Amino acid sequence: MDLQYWHDKWEQDDIGFHEADANPNLVAHLHKVAPAAPARVFVPLCGKTRDIAWLLAQGYHVVGAELSLRAITDLFRDLGVAPQMTRHGPLTRMAAANVTIFVGDIFDVTPQDLGAVDLVYDRAALVALPHDVRGQYAAHVHALAKAAPQLLLCFEYEQSAMKGPPFSVDIAEINRVYGMHYAVTALSRKAISGPLKTRLRGSKLADQTTWHLA
C-alpha cells in the first residue's frame with residue numbers, strides 16, 4: 001500500500017471521495033446490524049467522514065484509524081471540539097468525548113490500542129486498497145475488532161473502466177478476504193451517483209453495495 005499516495009491526496013485536497021453528509025447507506029442500515037447506543041463503532045481509514053458526527057449524534061462511541069493527520073485535524077475542527085493529542089507508540093492518539101482516532105498506519109494499531117469494538121463500519125476502506133493488500137487488511141481488522149460484525153460498503157463496476165481507487169469489490173472478493181470469518185448478507189444495491197458516476201461513464205455495471213458481515 002502506497003502511504004505517500006494518500007498523504008498527497010490530503011495535502012493536495014484531492015478528496016473527491018469525501019461526502020458532505022452522512023452516507024445514506026449508513027443511515028438506512030445501521031439499525032439493522034448495530035447494537036443499541038452507546039455501542040462502540042470502529043471506523044477504519046475514516047478520513048474526516050461526516051459519518052462520525054452522525055454516529056455520535058445517535059449516541060454511539062466511535063474509534064477510528066486514519067493515516068492522515070490533516071484529515072483528523074479537520075475532523076475535530078468540523079466536530080467543534082479540541083482533542084487531546086498524545087503519542088501512542090508509532091501512532092498519534094487524538095481523543096475527545098466519545099471519539100478516539102489513532103493517526104498513522106492502520107497496521108500499527110493493536111487490539112490493545114483499540115479496546116472493545118461492537119461493530120466495524122467500513123465505508124471506504126476495503127475499496128481503497130489494491131487486491132494484494134486486501135487479505136492482509138481484512139485479517140488485521142478481524143483481529144483488531146475481535147470478530148465484531150461489520151457494516152461494509154463497496155463499489156462494483158467494470159474495473160477496466162477506471163484504475164481505482166476506489167476499486168471494484170464484488171461478492172467473490174468479499175468472500176475471498178472475509179468468508180472464512182463471516183457469513184456475508186447483502187443489504188442493498190444502488191446505482192452509483194455523483195462524481196464517481198462521471199468517472200465511470202464507460203462502465204455498464206456501476207453499483208454501490210451494502211453488506212452485513214456477521
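The values are calculated or read from the model by the stated rules, or taken from the named source; none is laboratory data. Since the model is a prediction, treat every value here as computed from it, not as a measurement. Reconstructed Cβ throughout: ideal geometry from the backbone, glycine too, with neighbour counts over all protein chains shown. The protein model used for the area step is the full one, side chains on, heavy atoms only, and it has no ligands, DNA or RNA in it. Shrake-Rupley method; radii C 1.70, N 1.55, O 1.52, S 1.80 Å.
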All positions within the stretch 37-51 that are more than 18 Å from Ile106 (Cα to Cα) and open to solvent by less than 20 Å² (accessible area, probe 1.4 Å): Ala39, Asp51
Count - residues of the stretch 80-118 that are open to solvent by 40 Å² or more (accessible area, probe 1.4 Å), of a type in the set (A, V, I, L, M, F, W, C) and within 18 Å of the chain's Cα centre (by Cα): 2
Selection status of Ala96, touching a residue at least 12 places away in the same chain (Cβ under 8 Å) and farther than 14 Å from Cys46 by Cα: yes
Residue among Ala172, Ala147 that is surrounded by fewer than 22 Cβ atoms within 10 Å (Cβ to Cβ) and assigned to a helix (DSSP H, G or I): Ala172
Candidate set from the stretch 195-214 (those that are open to solvent by 40 Å² or more (accessible area, probe 1.4 Å) and either closer than 21 Å to Val133 by Cα or part of a loop (DSSP other than H, G, I, E, B) (or both)); member that is modelled with the lowest pLDDT: Gly202
Top-ranked residue of the stretch 175-194 - restricted to ones that are among the hydrophobic types (A, V, I, L, M, F, W, C) and either open to solvent by less than 30 Å² (accessible area, probe 1.4 Å) or part of a helix (DSSP H, G or I) (or both), ranked as modelled with the highest pLDDT: Val177
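Part of a loop (DSSP other than H, G, I, E, B), at pLDDT below 95 and open to solvent by 30 Å² or more (accessible area, probe 1.4 Å), is that true of Lys163?
Yes.
Residue by residue, here is whether (1) of a type in the set (Asp, Glu); (2) out of contact with any strand residue (DSSP E or B) (no Cβ under 8 Å at 6 or more places or on another chain); (3) closer than 25 Å to Tyr182 by Cα holds:
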site	(1), (2), (3)
Leu56	no, no, no
Gly64	no, no, yes
Arg70	no, yes, no
Gly89	no, yes, no
Arg93	no, no, no
Asp108	yes, no, yes
Asp118	yes, no, yes
Arg123	no, no, yes
Which numbered condition His142 fails, given (1) open to solvent by 60 Å² or more (accessible area, probe 1.4 Å); (2) without any contact (Cβ under 8 Å) to a residue 60 or more places away in the chain; (3) in a helix (DSSP H, G or I): (1)
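Kindly indicate the residue of the stretch 66-79 that is of a type outside the set (A, V, I, L, M, F, W, C) and within 18 Å of Ala22 (Cβ to Cβ) and also surrounded by the most Cβ atoms within 10 Å (Cβ to Cβ) among those meeting that condition. Let's see the steps before the verdict.
Here is the first cut: in the stretch 66-79, the residues of a type outside the set (A, V, I, L, M, F, W, C) are 66, 68, 70, 73-74, 77-78.
Right, trim to within 18 Å of Ala22 (Cβ to Cβ) and you get 66, 74, 77-78.
Values: Glu66: 25, Asp74: 16, Arg77: 12, Asp78: 13.
The selected residue is Glu66.
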